Each structure stands twice: as C-alpha cells, then as structure tokens.
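The values are calculated or read from the model by the stated rules, or taken from the named source; none is laboratory data. Quantities reported herein were computed from a predicted structural model and do not represent experimental measurements. As a convention, Cβ positions derive from the backbone with ideal geometry for all residues, glycine included, and neighbour counts pool all protein chains shown.
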C-alpha cells in the first residue's frame, strides 16, 4: 500500500467535529488515523483483516475474490473498517455519500473507545501493525528457505487448529510461576532407613545405599508425574513447547497462535462492540451531526444495518437494543431487589424512580463485560418478550428450519451456548505420553452435545501432522465414552471410561 495521504480538508473538519462531540459525551479513544480507499484496495485490506500487510497465503487471495465479487454483484459493501491499535487506523470508502462518511466516523469513535477501555482488549498488542509486518517477514524468510508449497501446507494445518487456545489465559494465571533464584528447593522425600544403634548406623544404612535409594525415589516421582501435570487448555502452546517441530515449523505455529490471541477478544465481544458503536453513531448523528436534509438518507442506511435477516442473529441490532434497554432501566431505577420482587405488572410498567443512572451504567458495562456475561446479566425476560426472540432448529421430519421455542429460558440458554467459547467445543491436552507410547491424548469437555465425527477426525489428522505421532481424542458419544485415534494413516475408535 502507498504511504498514507492526509484526509481531504472537508473530511478532516468533520472528523474533528464528530470527535469533539464524542468526547463531550465521555468517550475516550486513541487518536484515529483515516485513509480513503477505492473499493478494490478496501477489499484487499479487508481480506488482510484490516491490516496493510500480512504473511503470504492463498486464503487471503480467496477472501479478496469473494469480497470483490460480492461488491461487483451488489451483494455486499464495506462501509467501515477499523483496527485495534494505538493510534487506531480506520478506512473510508471512496465515493461514499457524506452521510455515510459521517456515520462511519461516529461509528469508529465507538469502536476505538471500546478497544481502549474494555477489559478484554487490555492485554492485546496495540502495535499489531508492526507485529503483522514482522510475521510477514518471518514467513517470507521461511518460504525462501523451505519452498512456498511446504510452508503454505504447514500454515494450512496450523490455521485449522488456531481455535485450540485458551482465551482466558491472558487474564487468569493458569500455571505456577517458575522458581526464582534464591527460592528454597522443594523438599525431597525421606529415604526409609533400617533401625539401628547410632554407632552401627553407617554399616546398616551405608551412605552409598541411601544415595541410590534417594535417586530411585526421585526417578519414580518423576515417572509418576502427569504430563502435563494439569489438563492444558492452550493446545497450541503445548504443541509449541513439546511437539518435535523443526525450528521454522515452531516459528510458524507461534505466529498463528500470536494472531489468534490478538483476534480472540473481538470474537468474545462482537455483540457488545458493534452494539456500542451503533449506539453512539446513532446518538451523535441524530442529535448533533446531521442536518434535516440528511436524516432520511441516514435512516434508510441505518435500517439496513440493523435489519434482522431470517434465521440469523444481527449483533448490531441485539447489542444496541440491549444498551438502550440498560440505559432506560437504570434511568428509571428498574433494577435491584425491590424491582425483582415486584409482581404487579402495572407497577412495573409505570416504574420510574428518576435515578438517571443509565449513562453511567452503560459505560460501566462497556468496561467490564464480554458477550457471555453481557447476555447472561442483561438479556431479561421482559427484553426477550418485547423484542420477540425465539429459538429455531432443523426439523428432520419436515426437512425445514422451524421455530423450536419462544420460552425465555430456552431462548437465553441457546443464545448463551452459541456464545460460550465462540460456540466451539472445549478441548484440553490430557496426556502427552498416552499409554506410555509418546502419543497425544486430548479430551473433549462434553456439555450435552456430541462432537461431529468428521470434524473431530479432521482435527486429529491435523494434530498428528504437528505432533508427528498418533493422536487420541477422549469424548462421549451416544452417552458412552469413546477414544478416537489417528495413527497417521487410519482412523479407529474404541470404548473408554469418560469421567
């Protein structure tokens, strides 16, 4: 990409005005640098995940072709794109109307405020543009030495495993810290000695014998240790530390893992992030930025953003409505023990304590919550009924997708299940020396839904390519424990105890 040119004067003026209004409302964001791109360059950057450069790989070209065709056929259009860095970088599409450009700028203010202040983004690399460029350089160096086909094939394998990380490990200490210099060594087990008189002790319990027994106990203790000692959720880290990889393979896997952790908070806060940005672009534009002649165009475009397609969850719509509901409830005082215990429908409908705490509350929510906790706490029965939420599923008899339930608990549970761990199964490394054969055993934490066998076998195949020895998966299927195994050539399965 070319060197960034300054914004046209009229856009720079509107950026300044919009950001001034946003700050008066309390938004706190990094400096924002904009660049105006034509649709081809916009699609190129979008294929790279918003970054100007990434490591070479065929999937970026595939994504670019998909975006380009979607734009040319009128199926999709990228209005805005912003990346979580300090300063933040955002892109405007050349040829957009002035209403669209104002909407994007206000929307970006909300996103960057969220990036800066939400707890789940606090551990991310704010210099990731440099990080991505460094990754690209390292991958190109490996391609020069190993050949593009060999490197791309290994990248394909690693990308298929990039969800096997522990997103919460950045905020929770999972491992004991390594011993520091000066720490006392752990106590060794006492070697059992034969009883004897003190003057006979050196003959009955000779020092050489005791030393040998001490070494034997130490070796047995090491053998008894579980490997890993505790189940390891970060499968990629375990592979980096213990898989018999060549140096370039380990470097590639570290790159994929690093980028997976960078993008993880975005997946964990999609509803909140988009809802927060939509809330603020709506408020800033309708109350301060747009003039009367622009309102109709804005409403037309906003309705498209917030529209709910059949059978799909729109994170923009759900997020903005929840933030509005929280603000309205905390302004009225519709929370707490007294509110929860009120059974009078008329009283609840007319409830208004005039507390005016709504704005303070939504800023608190923006700071501390992820999508799961956001939905768990604020997706109430009243909200569900007001917005007519329902759950749906595939009916084998009719062959159609149909409404399953409008019951609040079932709707909420299904929504939470889809959001927990991004709707993916929990996988842990259970044993790196399974059955004392240097095989890898991973375990699926069963939560009511069986794994898809074809997906599980594909994952085992890719893990085996990295582990370079047979890989096993312990899970439950049809109520029974099973171990799926891949030895590098064939898949097999057998019954097993699942606890």
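Among the residues making up segment 432-456, those that are within 17 Å of residue 481 (Cα to Cα) and surrounded by 17 or more Cβ atoms within 10 Å (Cβ to Cβ) are 434, 441, 442, 443, 444, 446, 451, 456.
There is at least one residue in segment 367-374 that is under 25 Å from residue 115 (Cβ atoms) and free of Cβ contacts under 8 Å to residues at least 24 places away in the same chain.
When 139, 99 are checked against the criterion of being more than 30 Å from residue 166 (Cβ to Cβ), modelled with pLDDT of 90 or more, touching a helix residue (DSSP H, G or I) at 6+ places or on another chain (Cβ under 8 Å) and crowded, with 17+ Cβ neighbours inside 10 Å, a single residue qualifies: 99. Test residue 348 against the criterion of being in a helix (DSSP H, G or I), more than 22 Å from the chain's Cα centre (by Cα) and modelled with pLDDT of 95 or more, and give yes or no. Criteria not met by residue 348. If you go through segment 49-79 and keep only what is closer than 23 Å to residue 305 by Cα and not in a helix (DSSP H, G or I), you end up with 49, 50, 73, 74, 75, 76, 77, 78, 79.
Residue under question is residue 174, and the condition is that it be more than 18 Å from residue 263 (Cβ to Cβ) and modelled with pLDDT of 95 or more; does it hold? No; evaluated as a whole, the condition is false for this residue. Considering segment 104-129, the residues that are part of a loop (DSSP other than H, G, I, E, B) and touching a residue at least 24 places away in the same chain (Cβ under 8 Å) include one that is nearest to residue 373 (Cα to Cα), namely 118. What about residue 29, is it within 30 Å of residue 143 (Cα to Cα) and touching a strand residue (DSSP E or B) at 6+ places or on another chain (Cβ under 9 Å)? Answer is no for this residue.
Could you list, in sequence order, all residues of segment 93-102 that are in contact with a strand residue (DSSP E or B) (Cβ under 8 Å, 6 or more places away or on another chain) and within 16 Å of residue 305 (Cβ to Cβ)?
Taking segment 93-102 and keeping what is in contact with a strand residue (DSSP E or B) (Cβ under 8 Å, 6 or more places away or on another chain), we get 93-94, 100-101.
Once the filter is applied, which keeps residues that are in contact with a strand residue (DSSP E or B) (Cβ under 8 Å, 6 or more places away or on another chain) and within 16 Å of residue 305 (Cβ to Cβ), segment 93-102 yields 93, 100, 101.
Report yes if residue 308 is closer than 26 Å to residue 388 by Cβ, touching a residue at least 24 places away in the same chain (Cβ under 8 Å) and in contact with a helix residue (DSSP H, G or I) (Cβ under 7 Å, 6 or more places away or on another chain), otherwise no. Break it down into steps so the answer makes sense when it comes.
Working: closer than 26 Å to residue 388 by Cβ: yes; touching a residue at least 24 places away in the same chain (Cβ under 8 Å): no; in contact with a helix residue (DSSP H, G or I) (Cβ under 7 Å, 6 or more places away or on another chain): yes.
Spelling it out, it is not the case that residue 308 is closer than 26 Å to residue 388 by Cβ, touching a residue at least 24 places away in the same chain (Cβ under 8 Å) and in contact with a helix residue (DSSP H, G or I) (Cβ under 7 Å, 6 or more places away or on another chain).
Just to verify a result, which residue in segment 354-364, among those that are surrounded by 15 or more Cβ atoms within 10 Å (Cβ to Cβ) and touching a helix residue (DSSP H, G or I) at 6+ places or on another chain (Cβ under 6 Å), is nearest to residue 120 (Cα to Cα)? Explain how you work it out, then say what you get.
Filtering segment 354-364 for residues surrounded by 15 or more Cβ atoms within 10 Å (Cβ to Cβ) gives 355, 357-358, 361-363.
Among the residues that remain, those that are also touching a helix residue (DSSP H, G or I) at 6+ places or on another chain (Cβ under 6 Å) are: 357-358, 361-362.
Details: 357: 24, 358: 22, 361: 18, 362: 16 Å.
My answer is 362.
Does residue 408 count as crowded, with 16+ Cβ neighbours inside 10 Å and under 27 Å from residue 318 (Cβ atoms)? It is true that residue 408 is crowded, with 16+ Cβ neighbours inside 10 Å and under 27 Å from residue 318 (Cβ atoms).
Of 345, 290, which residue is farther than 30 Å from residue 51 by Cα and buried (at least 17 other Cβ atoms within 10 Å of the Cβ)?
Numbers: 345 fails: buried (at least 17 other Cβ atoms within 10 Å of the Cβ).
Unique residue meeting the criteria: 290.
Taking segment 80-103 as the range and being in contact (Cβ under 8 Å) with a residue 40 or more places away in the chain and part of a loop (DSSP other than H, G, I, E, B) as the test, the residues that pass are 84, 85, 86, 87, 94, 95, 97.
For segment 265-336, which fully contained helices (runs of 4 or more DSSP H) count at least 3 residues that are modelled with pLDDT under 90 and over 16 Å from residue 359 (Cβ atoms)?
Numbers: elements: 270-284, 295-306, 315-332.
Passing ranges, in order: 295-306.
Checked against (1) within 30 Å of residue 123 (Cα to Cα); (2) crowded, with 21+ Cβ neighbours inside 10 Å, residue 78 passes all but a single condition, namely (2).
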